[in-house]
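In what follows, a structure is listed as structure tokens, so that the remarks can point back to it.
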Amino acid sequence: GTVSAEEAERTFIAIKPDGVQRGLIADIIARFERKGYKLVAVKILVPTKEFAGKHYAEHEGRPFFEGLTDFLSSGPVLAMVWEGQGVVTYGRKMIGATKPLESAPGTIRGDFGIQVGRNIIHGSDSPDSAKKEIGLWFTPEDLVSYGLDIHKWVY
Ligand code: RTP
Ligand code: MG
């Protein structure tokens, strides 16, 4: 029941413009929620292209960078921080492989996507990326600290 250091692990998850436009917000949130993870920050916004470039800075110079940052800034993005044990790694498992046709059925990209440039959702790929991305998209005051009644049944 008590929140340990591991339980406070956090990741940054963003539903990309295709996921928002296709009405997948509720389904995606439900998956993380039912797994036992806790939503500690959320907002919807249309990122600028410059901001999209900051988010995907590691890919600057790659052939898909322009298209990727154009796409991320093309419409509303649902930005979230999820918390719980193993949420960085397991969140990526729930999301599935980068290319939706290589993502397993049952994953978000596997269930909903076809094309790599329209792969619905982003998730931090390591605790370090998570820290960086949470800091880019949110201020510390945006993160809400609270307990969940389900936690004594999950942990
Ligand atoms: P993400 O960062 O969005 O969670 O995706 P990821 O870790 O699975 O994949 P990553 O290698 O970080 O690539 C970031 C995004 O760039 C687009 N991409 N396009 N055309 C291509 O070959 C290609 N490769 C990557 C995808 O939208 C990918 O999610
Ligand atoms: Mg990535």
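The values are calculated or read from the model by the stated rules, or taken from the named source; none is laboratory data. Keep in mind that what you see is a predicted model, and the values were worked out from it rather than measured. For neighbour counting, all protein chains shown are included, and Cβ atoms are generated from backbone atoms with ideal geometry for every residue, glycine included.
Which numbered condition in (1) more than 27 Å from residue 36 (Cβ to Cβ); (2) in contact (Cβ under 8 Å) with a residue 12 or more places away in the chain; (3) in a loop (DSSP other than H, G, I, E, B) is the only one that residue 70 fails?
Of (1) more than 27 Å from residue 36 (Cβ to Cβ); (2) in contact (Cβ under 8 Å) with a residue 12 or more places away in the chain; (3) in a loop (DSSP other than H, G, I, E, B), only one is false for residue 70: (3).
Go through 89, 139 for me and flag whichever is more than 15 Å from ligand 1 (Cβ to nearest atom), at pLDDT 95 or above and out of contact with any helix residue (DSSP H, G or I) (no Cβ under 6 Å at 6 or more places or on another chain).
139
Applying the selection to the range 92-101, what residues are in contact with a helix residue (DSSP H, G or I) (Cβ under 8 Å, 6 or more places away or on another chain), more than 17 Å from residue 32 (Cα to Cα) and part of a helix (DSSP H, G or I)?
If the condition is that a residue be in contact with a helix residue (DSSP H, G or I) (Cβ under 8 Å, 6 or more places away or on another chain), more than 17 Å from residue 32 (Cα to Cα) and part of a helix (DSSP H, G or I), then 100 is the only one that fits.
Residues 97, 41: which one is modelled with pLDDT of 95 or more, within 13 Å of ligand 1 (Cβ to nearest atom) and closer than 19 Å to residue 130 by Cα?
97
Quick one: is residue 129 among the hydroxyl-bearing types (Ser, Thr, Tyr) and assigned to a helix (DSSP H, G or I)?
Answer is yes for this residue.
Between a first residue in the range 43-65 that is charged (D, E, K, R) and a second residue that is buried (at least 16 other Cβ atoms within 10 Å of the Cβ) and in a loop (DSSP other than H, G, I, E, B), which pairs have beta carbons less than 8 Å apart while being 6 or more apart in sequence or on different chains?
Listed by first residue and then by second, the contacts come to 43/138; 49/73.
What do you reckon, is residue 78 away from ligand 1 (no atom under 11 Å from the Cβ) and either buried (at least 19 other Cβ atoms within 10 Å of the Cβ) or part of a loop (DSSP other than H, G, I, E, B) (or both)?
Yes.
If residue 87 passes every condition in (1) farther than 21 Å from residue 151 by Cβ; (2) surrounded by 14 or more Cβ atoms within 10 Å (Cβ to Cβ); (3) of a type outside the set (Asp, Glu); (4) under 13 Å from the mean Cα position of the chain (by Cα) but one, which one does it miss?
(1)
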